[in-house]
Structure formats: C-alpha cells, structure tokens
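Worksheet for the structure shown next.
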Amino acid sequence: MGRQNQAKEALILLRNRLCNPRFVFAPFSLSPDSNYSKLKFIVSSSVTEASNNSALLLGPRGCGKNAVLELVIEDMLKEYPDTVSVIKLNGLLHSDDNCALKEIARQLCMEHQLLFSKMASFDDNTQFMISMLKECGLAHKTVIFVLDEFDSFAQGKQRLLYSLLDAMQSLTSQAVVIGVSCRLDADQLLEKRVRSRFSHRKLLFLPPSKEDLLRILKHILELPTDSSLPHDYVAEFNSSLLNILADERFKQLIDTLTNSDSTCNHLLKFLFSAVCHMNVETGLLSIDNFKAALPSIQRQPKLECLKDCSILELYILICMRRLEVKEQESYNFNSVMKEYKSIHNSFQTSDYYSRNVCLRAFEHLLACELISFMDHRGHNQSIEFRPVKLLISYHELYQGLKLYRSCPAILQKLIDREG
Amino acid sequence: MPTIALNDSLPLAAGDELKCGTAVKPGRSAETCFTGDATPRKRKMRSDSAAEDNQITTTTPPPKPCTPTKWKSPRRCVDDSPISPPFFELSEICIDTEQLRAVKEALHVSSVPSMVVCREDEQKRVLEFCKQCIEQEKAGSLYVCGCPGTGKSLSIERVKESLLDWAKEVGYQPPDVLDVNCTSLTNAPEIFSKILGKNLPQKKTKSATSPLQHLQSLYSQNQQSTSMKMTLIIADELDYLITKDQAVLHDLFMLTTFPFSRCILIGIANAIDLADRFLPRLLSLNCKPVVLTFRAYTKDQIMVILRQRLTALPYNVFQPQALELCARKVAAASGDMRKVLCICRSAIEMLEAELMPSKYNLDLLSTDNGYSDDWTTPAIDPIKQEIDVVRIDHMAVALSKTYRSPIVETIQSLPQHQQIVLCSAVKLFRRGKKDTTVGELSKSYLDICKLTVIPPVGIMDLSSMCRVLGDQGLFKVGQAREDKLRRVTLKVDESDIAFALQNSGLRELE
C-alpha cells in the first residue's frame with residue numbers, strides 16, 4: 001500500500017515537472033553560452049545601462065524560445081522589480097497596425113494604472129505610446145516589447161516595427177524589442193530601413209543534440225533526493241532509471257522518436273505519455289512504458305484501419321496495387337475483379353469469392369477510406385464503373401500485411417513482388 | 001601583477017605588440033609574449049616579485065610579503081615608469097566595466113555627436129539651398145536620397161538648426177519648421193492638414209474645402225502670403241506618401257510651384273529615382289526638385305566617424321586593427337553606420353563576457369592567498385588588468401554573428417527525416433522544375449529512403465514535415481484542396497543544403 005502511494009506521489013511530481021517549462025529549461029541557465037544566458041545578458045545590460053536594444057529569437061517551433069524568454073523576463077522582474085515593464089504582442093492577433101497600437105496603449109495603461117479609452121484614434125495611440133516611452137525613459141524604466149510571431153509583423157508596410165525601432169533611436173526612450181519567430185529569414189523580411197534600425201542580434205534555438213537529450217531526460221525524470229518521498233524508494237527509482245537510459249533499446253527508441261521530429265515539445269509529450277504508463281504496483285519506470293508510449297505519439301491511422309480488414313479486402317487492395325504497378329491510370333471495380341480472377345487462375349488460391357461478396361468488400365473499403373473514387377462526378381453510374389484509386393501507400397500496405405494477424409502466404413508473396 | 005615586472009617587461013611587450021599586433025596581457029605576459037626574449041624576464045619576475053599570475057599557474061606561495069608595498073595602481077605606475085615608450089598607449093592597460101559601459105554608450109546609435117562629420121559637403125549644399133530660398137523669398141524643393149544609415153535625417157537636423165541660427169544672425173525672419181515622419185500619418189493626404197496647421201494655427205480646418213485646396217488657394221493669392229513666414233517642411237520617409245495614383249506626392253511638390261508659394265520642401269527617402277519615377281510631370285513643368293544623394297560611407301569615413309566618437313574618451317578600448325576590420329567589412333557590404341555601431345558594441349560585449357569569468361577566477365585566487373588587503377587597495381583589482389582591448393578576434397566573431405545566416409546550422413540540426421525531405425526536393429528540382437506537389441515529393445522521398453535503407457514515414461507525417469519546413473522558411477508550401485496537391489517550392493539555395501549536409505552521409509545522393 002505504502003509503495004503505491006509513493007508511486008502515485010512520484011507520478012504527480014513527474015507530471016508536474018513535464019508540464020512546467022520553467023523546470024525543463026532551467027538547467028540551461030547554468031551554462032554561460034546557452035541562449036538563456038545570452039538573452040539574459042542582453043536584456044539585463046540594457047536595463048542597467050539604460051540603453052536601447054533589440055534581439056531576435058529564431059528556431060523551429062517547440063524548441064523553447066518562448067519558454068526561455070518567459071524565464072528571462074521573470075528573472076528580470078524579480079531582480080529589477082520597479083524598473084521593468086513588459087508589453088506583449090502577438091503577430092497572429094495584432095498584425096494590423098491599428099490593432100497593435102491599441103493593444104500597446106491598453107497594456108501601457110494597465111501597467112501604469114491609467115484609464116484606457118477604446119475610442120482613442122490611431123494618432124492618439126501613437127502619441128500616447130511615444131510620450132509614455134519618453135516618460136519611462138526619464139524615470140529610468142525600461143519597457144520590454146515582446147513580439148511573438150515576428151514574421152507576421154513584417155507583412156505590409158511594417159509601420160509598427162518602424163515606429164517602435166525608430167523610437168529606440170532617440171536618447172529619451174529606454175526600450176528593448178525582442179522578436180520571436182520560427183522563420184529563419186525573419187530579418188530578411190524587414191524593409192531596408194527597418195532592418196537598418198534593428199540591431200542584428202539573433203539567437204538561434206535548435207532542437208537538442210543527442211547528448212543534450214539524454215541530459216534533459218535525466219534532469220526531468222530523476223526524482224529529487226530532498227522531496228517528501230522516502231530515500232530508498234528514490235534511490236531505487238533513480239538507479240533503475242539510469243539503467244534504462246543506458247540501455248541500447250532505449251537509445252533506439254529515442255532515435256525512432258526523434259528521427260521525424262526532434263523538438264523539445266515532442267519529447268515532452270512522449271515522456272508524459274510514458275510516465276502515465278508507469279506501473280504503480282512496482283513504482284518504477286521500465287522500458288516497456290516507453291515502448292507503449294511510442295505508438296500513441298507516432299500514430300498510423302491507416303495501419304490501424306488495415307488491421308480490421310478481412311482477407312478478401314486485402315486481396316482487393318493488392319489487386320489495385322498490381323493494377324497501379326502495371327501503370328493503368330484508371331481502373332474500376334470491374335478491372336479489379338479481372339485482376340482478382342487472374343490471380344486466382346495463376347496461383348490457384350482457395351479464396352475465390354463471388355462477385356457480390358467482392359462488391360460488399362469493396363463498399364466496405366470505400367467506407368473505411370482506404371480507397372476512394374477518383375472524382376466526384378458520375379454519381380449516376382453504379383459503383384462498378386466508376387474509377388477508383390488507392391489511398392494507402394505501398395509501404396503502409398506492406399507494413400500492414402506484415403503486422404496482420406494471420407496473413408495468407410500468397411498475399412505476402414504478391415506484395416513482395418511489387419517491391 | 002607586480003609593478004616591477006610590469007616596468008621590466010613593458011618595453012619588450014610593447015615592441016612585440018607592435019610587431020605582431022596582438023594585445024599583450026601583462027597578467028599572462030610571459031606566456032603570451034615571444035618566449036625567446038621574455039623568458040629571462042619571466043624568471044626575473046618570478047624571483048623578484050610576489051606572485052601574480054604565476055600563482056595561477058603554479059601553486060607556490062609568494063616568497064615575501066614586501067612586494068605588495070610596491071603595488072600601485074597600474075595606471076599610476078605606468079605614468080611613473082621612466083621607460084614607458086611614447087608610442088604605446090599605456091593608459092589602455094586597465095579597463096573596467098564602468099569604462100566599457102561609457103564606451104558602449106558613446107557608440108550607441110542614439111547618442112548623437114554635436115558635429116556630424118563626413119557630411120560637410122552635403123550639409124553645405126542643403127544650407128545654401130535653404131539660404132537662397134529664404135533670401136529670395138522663393139519656394140523650392142529638395143530631395144535627399146540614400147541608403148539607410150547614411151546620416152540623412154541627422155544631417156538635415158543639423159542644417160535645420162544652423163539655418164535658424166543664421167536667419168537670426170542675419171536678420172531674416174526665421175522660417176516655421178514642420179518636421180514630419182510620414183510613417184506616422186494615418187493616410188497620405190493628412191500631410192496637407194499638418195502643413196496647414198503650421199501655416200495658420202488659428203484657423204480651423206473644418207471648412208468644406210480640403211486642406212490641399214486650402215493650401216493651393218493660399219499660395220495663389222498675393223496679399224496673404226507676403227506677410228507669412230517661410231515654412232520649412234522636412235518630410236522623412238517620403239515613400240510612405242506614395243499612393244496608387246501618386247497624387248499626394250505630386251501635389252506636395254507642386255505646392256512649391258505656385259506663384260506665391262512660401263514653402264521650402266525637403267523630402268528624405270531611400271529610393272534614388274523617386275523623383276523620376278513618381279514625379280514625371282514635374283519635369284515637364286520644369287520644376288523638378290534638386291536631388292542630393294548621400295552616398296554610402298566608405299571605410300575611411302567610417303573610421304573618421306568612429307574616431308570622433310571614441311576620442312571623447314580618455315582611454316582606448318579598441319585595437320585599431322579591429323576597428324579597421326569592422327569598417328572594411330561594413331563598407332563593403334552596405335556602408336550603413338548603424339550596423340558599424342552595433343557591431344562595435346557587440347564586440348565590446350564579447351570582451352565583457354570574456355572578462356567576467358576571469359574576474360571571478362582571479363578574485364578567488366587573490367583572497368585565497370591572503371593578500372586581499374594589500375593587493376586590492378588600489379581601487380582597481382590589480383590582478384585583473386590584462387590589457388582589455390577589443391581585439392581582432394572579438395571583432396571577427398561579432399561580424400560573423402551579424403552577417404551569418406542561421407540556415408546552415410538549422411539544416412544541420414534538423415531531424416533525419418526532414419533532412420531527407422530537403423534532399424529529395426533538391427533532387428527533384430535538379431531536373432529543371434522549380435516547384436512540385438507534395439505527392440511528387442513523397443515519391444522522391446521514398447526513392448531516397450530506399451537508397452539509404454531508412455524506413456520511410458507515412459504520407460501524413462511527410463506532409464506535416466513539409467509544413468514544419470515551410471514554417472521555418474526553408475520551403476514555400478501553397479494551399480490546395482487536397483494535401484497531396486499542395487505546391488512546394490524550395491526557398492533555400494541548393495548549395496547551402498549541400499554544404500550543410502556534406503558530412504551527414506546523405507551527401508552522396510546529391
């Protein structure tokens with residue numbers, strides 16, 4: 001009983017960690033040339049030196065740009081509580097200049113407890129922003145502008161970017177503009193004069209390398225020794241975890257996971273699923289948990305569909321594949337039946353069903369969306385004459401047949417031939 | 001760092017420095033200097049002085065505590081030293097964070113020097129033009145063009161001030177000045193109401209006539225205008241006024257052609273041929289604006305400007321070669337002064353970052369050895385005085401950070417299947433086509449997977465990978481009804497991809 005409770009507590013702890021980006025990216029703050037430290041240096045030096053600065057955070061989605069930015073901002077607010085105010089804009093919501101300025105004015109009002117009027121015009125808002133920046137500059141307060149989805153701001157005439165960056169060219173304002181974008185060429189999208197005013201500090205966020213990946217895994221999954229859990233349980237958990245991490249099969253598993261998507265986000269989703277599979281009886285993670293989590297992340301809906309098909313339906317799919325290989329551009333049910341007959345003739349199979357039964361199977365395949373009609377004309381024609389096409393690729397078919405519970409050898413032979 | 005050692009080694013170090021141009025750090029002088037001449041001195045330093053950073057390298061405790069008394073602040077010792085060579089700026093030896101801060105401030109884009117150098121000719125021309133207009137009480141238009149960061153707005157600001165001063169001196173009525181940045185206008189014709197606002201501040205503009213018509217009528221009548229002051233209109237970022245029918249820009253310049261017009265119009269923009277492209281009718285009326293081009297800065301001009309900013313400070317933070325490298329690189333690329341200042345600041349930051357960990361190390365060691373009081377009484381920590389100048393390597397790193405595109409690094413860090421997708425796109429486009437559909441791409445992808453014996457992913461994963469690559473700006477993916485029919489174009493150069501993937505094993509396919 002006690003063990004189960006401990007296991008449940010450990011589970012809660014792990015799940016909390018996985019959902020908390022602060023925890024996941026915190027170890028990066030320790031190394032001096034991580035992006036976290038560089039960003040912190042840029043922002044804190046602008047705050048302490050009372051100068052203007054701009055930076056761009058680039059990298060694929062899910063690599064922790066926003067998470068690291070949040071961490072840095074939190075640190076800034078803690079270290080300099082009264083001298084930093086943050087304005088956040090998002091390119092998907094505020095890409096229109098009017099909208100963006102309104103939002104800036106509203107956030108500035110909220111920060112400084114002023115009344116915001118919805119009726120204020122574009123001009124009023126611009127004037128307000130410029131005068132607020134001046135006031136903040138005089139009071140030695142730094143305003144940090146965070147522009148999410150920066151590339152959306154770079155569409156159109158880029159007025160907002162120009163006015164923000166231009167305001168930073170004067171001595172009276174103290175602002176830091178941080179753009180976050182997943183487009184690598186985000187600064188090429190800027191107009192010449194906006195780009196000239198932008199200081200070219202770019203921080204590149206990349207998905208973690210293999211060593212970093214293992215380090216992150218260890219950091220997240222190792223239970224802390226100073227928690228409320230008993231020592232021996234924690235020691236047992238951690239040692240079994242280390243064993244798993246050193247296992248070759250685990251490394252292969254992680255490779256399969258990261259081969260198509262190696263971002264942090266993806267990894268965290270996988271870990272969450274794996275941790276949820278943990279057996280509360282033993283209270284320890286095992287490699288099977290990770291194996292069980294993999295299919296839920298890398299789903300193959302067509303293969304799952306294929307598992308439910310009957311053997312006749314598999315025959316029909318293979319006939320269609322053979323017709324495709326023979327480079328027949330369009331074929332319909334009748335040609336598939338001909339092919340089926342020819343297979344039966346050449347291989348003397350025992351499964352030879354009548355036309356009606358085959359038609360039923362055909363309709364079932366249509367309903368499953370493993371095949372479909374070529375186009376949506378010809379509603380008047382009966383099913384047998386309308387051209388059809390396969391919606392499942394050769395590889396998926398091949399894999400599905402391999403996984404099929406009792407696939408007849410003849411089908412395997414037929415599909416092997418195509419290879 | 002004992003002062004005696006400093007005195008001893010300095011002339012040699014200076015000479016060596018001149019020879020090879022690298023900064024000498026007295027803290028590690030013996031090591032970084034040329035061993036041939038330095039080693040005898042090194043031994044002398046060791047025996048004479050208390051440890052300095054020989055303590056860092058060896059763990060022998062310093063021999064006598066008498067040497068700390070010879071410690072003086074390096075600056076002072078430098079002045080005292082009888083052998084200090086005249087050509088070597090010894091004051092640059094000890095830099096601390098305050099000074100670096102001051103330099104960074106001096107190099108910030110927003111700190112404007114009192115005199116704008118390297119633009120004297122252009123400023124003179126504009127000033128002459130304005131003076132002429134005021135003297136003859138005639139209207140005129142001038143168009144200033146040039147690449148971003150060439151000092152246009154800055155120079156015109158100065159000209160404005162000098163013009164007002166001159167007018168007061170000579171006794172002419174100083175003109176009204178309207179400085180408007182056209183990006184702040186909601187719509188283009190608003191500029192006329194702004195000009196009108198300046199001209200007749202009391203009059204309300206709620207009349208039936210538009211501001212433009214008002215202005216036009218104002219400038220066509222004699223009596224009212226002769227009593228009016230001249231108006232100097234400075235329109236920055238003029239190309240924001242370009243509308244579809246180019247009416248606004250045209251009317252603006254036409255204002256200066258009216259018989260009793262009183263405005264001097266100076267327009268600033270980037271396009272060199274704005275006047276020709278958008279104001280063709282003016283040529284026929286023989287009133288094209290005078291065009292003044294601000295050329296991009298050359299390397300020498302950049303050096304002059306940098307020196308002007310830095311001479312205000314009593315110490316040197318940059319190695320001259322580093323400044324020259326920066327000036328050369330930027331002059332070759334764009335001649336943009338803002339970029340130069342930004343890169344210099346970035347180089348200083350790199351220096352700061354380099355110094356910070358070493359400061360920790362040295363502080364720790366000094367307190368460990370128990371010499372804390374004596375050794376740190378001079379305000380500046382003596383151990384820490386390596387010659388902290390920004391060297392060429394700092395500048396080179398700052399330059400590469402600015403000019404490098406992150407594409408190669410990103411491609412190298414992509415997961416394997418996404419790299420294969422990129423390769424398959426390159427292969428497809430080799431045959432001359434420039435865009436393809438996702439379906440075709442998947443066929444090429446499957447071929448490559450077969451060649452490299454890597455199990456391919458399904459079509460759903462493939463199309464989501466295409467979307468991810470499109471998000472990052474490597475592909476351009478269009479919209480279509482069906483997933484398979486979306487058009488895909490490559491936005492990155494093939495050679496970049498080939499370069500990035502050359503070590504990854506996929507290269508052989510190309």
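The numbers here are math on the coordinates, done by the rules we state, and not lab data. As the structure is a prediction and not an experimental result, all values here were calculated from the model. Virtual Cβ from ideal backbone geometry, glycine too; neighbours counted across all protein chains shown.
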In whole percents, the bins of 10 Å from zero upward hold the Cα-Cα pairs of segment B:406-509 as 15, 54, 29, 2
note: chain A, Cα-Cα separations exceeding 38 Å make up a percent value of 50
Length-normalised contact order of chain A, Cα under 8 Å, at least 6 apart, in percent, tallies to 17
Check: in segment B:406-509 the Lys pairs 8 or more apart or on separate chains whose Cα atoms fall under 15 Å apart number 10
Descending packing, highest mean Cβ count within 10 Å first, for A:292-299, B:123-130, B:232-239 is B:232-239, B:123-130, A:292-299
With the convex hull built on the alpha-carbon atoms of segment B:120-294, volume per residue in Å³ sits at 119
Too long for a 21 Å Cα-Cα cut-off, among A:K192/B:K401; A:K88/A:K118; A:K65/A:K251; B:K124/B:K152, are A:K65/A:K251
On each of the three principal axes the extent of the alpha-carbon atoms of segment A:255-388, given in whole Å and largest first, is 58, 36, 26
The helix A:287-297 Cα axis meets the longest alpha-carbon principal axis of chain A at an angle in degrees, between 0 and 90 and rounded to 10, of 90
Taking alpha-carbon centroids only, segment A:1-77 lies from segment A:347-393 a number of Å equal to 54
Site B:L313, offset 7 angstrom along Cα→Cβ, radius 18 Å on amide nitrogen, limited to segment A:53-73, gives A:53
With the convex hull built on the alpha-carbon atoms of segment B:105-170, volume per residue in Å³ sits at 95
Helix A:248-260: inclination vs chain A longest Cα principal axis, degrees, rounded to 10, gives 80
So the angle from the long Cα axis of helix A:210-221 to the longest Cα principal axis of chain A, reported in degrees to the nearest 10, equals 80
In the neighbourhood of B:Q479 defined by beta carbon distances under 10 Å, the net charge of the other residues (Lys, Arg +1; Asp, Glu -1) is +3
Extension length gain for B:E354 and B:R277 (0.36 nm per residue less Cα distance), in nm, is 22.6 nm
About its Cα centre, chain A carries a charge dipole, from +1 on Lys and Arg Cβ atoms and -1 on Asp and Glu Cβ atoms, whose size in debye to the nearest 20 is 760
In nanometres, the difference between 0.36 nm per residue of separation and the alpha-carbon distance of B:A102 and B:S405 is 106.0 nm
FRET efficiency (B:Q321, B:T293; Cβ distance; R0 35 Å; to 0.05) is 0.65
Computed for segment A:279-393: size of charge dipole around the Cα centre, +1 on C-beta of each Lys and Arg, -1 on C-beta of each Asp and Glu, debye to nearest 20, value 300
Taking every alpha carbon pair in segment A:1-134 and sorting the distances into 10 angstrom bins from 0 up to the bin holding the longest one, the percent per bin comes out as 10, 29, 30, 19, 8, 4, 1
